[in-house]
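Below is one structure; the comments refer to it alone.
The values are calculated or read from the model by the stated rules, or taken from the named source; none is laboratory data. Given the structure is predicted, the values throughout are model-derived calculations rather than measurements. Methodologically, a virtual Cβ is constructed for each residue, glycine included, from the backbone with ideal geometry; neighbour enumeration extends over all protein chains shown. Keep in mind that these areas ignore ligands, DNA and RNA; they rest on the heavy atoms of the full protein, side chains included. Shrake-Rupley method; radii C 1.70, N 1.55, O 1.52, S 1.80 Å.
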Amino acid sequence: VQLQASGGGLVQPGGSLRVSCAASGRTFFNYAVGWFRQAPGKEREFVSAISWSGGGKDYADSVRGRFTISRDNGRNTAYLQMNSLKPEDTAVYYCAGRRRATISTNASTYDYWGQGTLVTVSS
C-alpha cells in the first residue's frame with residue numbers, strides 16, 4: 001500500500017490544522033493507521049493511532065484532548081485533526097499503515113510509511 005500525507009502548513013499557536021493520509025494500492029480497511037512526528041534534532045515519536053474499524057484509538061499524552069484521529073475507509077483516508085496547536089507540535093508528521101487490525105504505539109510494527117508533511121506552529 002502507498003500512503004500520501006498532506007495538509008501540513010504554517011499555523012499560529014492556538015490554531016487548528018487537519019492532516020490527511022490517503023492510501024492506495026491495497027485494501028485500506030484491513031490496516032491500522034498511526035501518526036508519528038519528528039521534530040528537528042529529535043527522534044520520531046508516536047502521536048496517535050486508529051484501528052481498522054475506527055473503534056480503537058490511542059493518543060500520546062502530549063496531544064490527548066487536542067488531537068483527534070479518524071478514518072474514512074470508503075475514501076481510503078485517515079485524518080488527524082489538530083486543535084490548540086503549540087509551538088512544540090512543530091514537526092514533520094508521518095502516517096503509517098500496519099497490516100493488523102489493532103493499533104500500536106511502536107513505529108517498528110508499522111509496515112508502510114508516507115513521506116511526511118511539515119507542520120509549523122509559529123507566530
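Considering each residue of the stretch 59-101, count those that are closer than 19 Å to ALA5 by Cβ, among the polar types (S, T, N, Q) and not in a strand (DSSP E or B), and give that number.
Residues flagged as closer than 19 Å to ALA5 by Cβ, among the polar types (S, T, N, Q) and not in a strand (DSSP E or B) within the stretch 59-101 amount to 4.
Restricting to the stretch 17-57, give me the number of residues that are open to solvent by 60 Å² or more (accessible area, probe 1.4 Å), of a type outside the set (Val, Ile, Thr) and in a loop (DSSP other than H, G, I, E, B).
Qualifying residue count for the region: 10.
What is the number of the single condition among (1) loosely packed, with under 15 Cβ neighbours inside 10 Å; (2) part of a loop (DSSP other than H, G, I, E, B) that GLN4 does not meet?
(2)
Working only within the stretch 102-118, note down all residues that are assigned to a loop (DSSP other than H, G, I, E, B), within 26 Å of LEU10 (Cα to Cα) and open to solvent by less than 50 Å² (accessible area, probe 1.4 Å).
Passing the criteria: GLY114, GLY116.
Scan the stretch 93-111 for residues that are in contact (Cβ under 8 Å) with a residue 24 or more places away in the chain, closer than 23 Å to GLY41 by Cα and more than 10 Å from the chain's Cα centre (by Cα) and jot them down.
THR105, ASN106, ALA107, TYR110 - these are the residues of the stretch 93-111 that are in contact (Cβ under 8 Å) with a residue 24 or more places away in the chain, closer than 23 Å to GLY41 by Cα and more than 10 Å from the chain's Cα centre (by Cα).
Filter the stretch 31-51 down to the residues that are of a type in the set (Phe, Trp, Tyr), within 21 Å of VAL121 (Cα to Cα) and in contact with a Gly (Cβ under 8 Å, 6 or more places away or on another chain) and list them by number.
PHE46 - this is the single residue of the stretch 31-51 that is of a type in the set (Phe, Trp, Tyr), within 21 Å of VAL121 (Cα to Cα) and in contact with a Gly (Cβ under 8 Å, 6 or more places away or on another chain).
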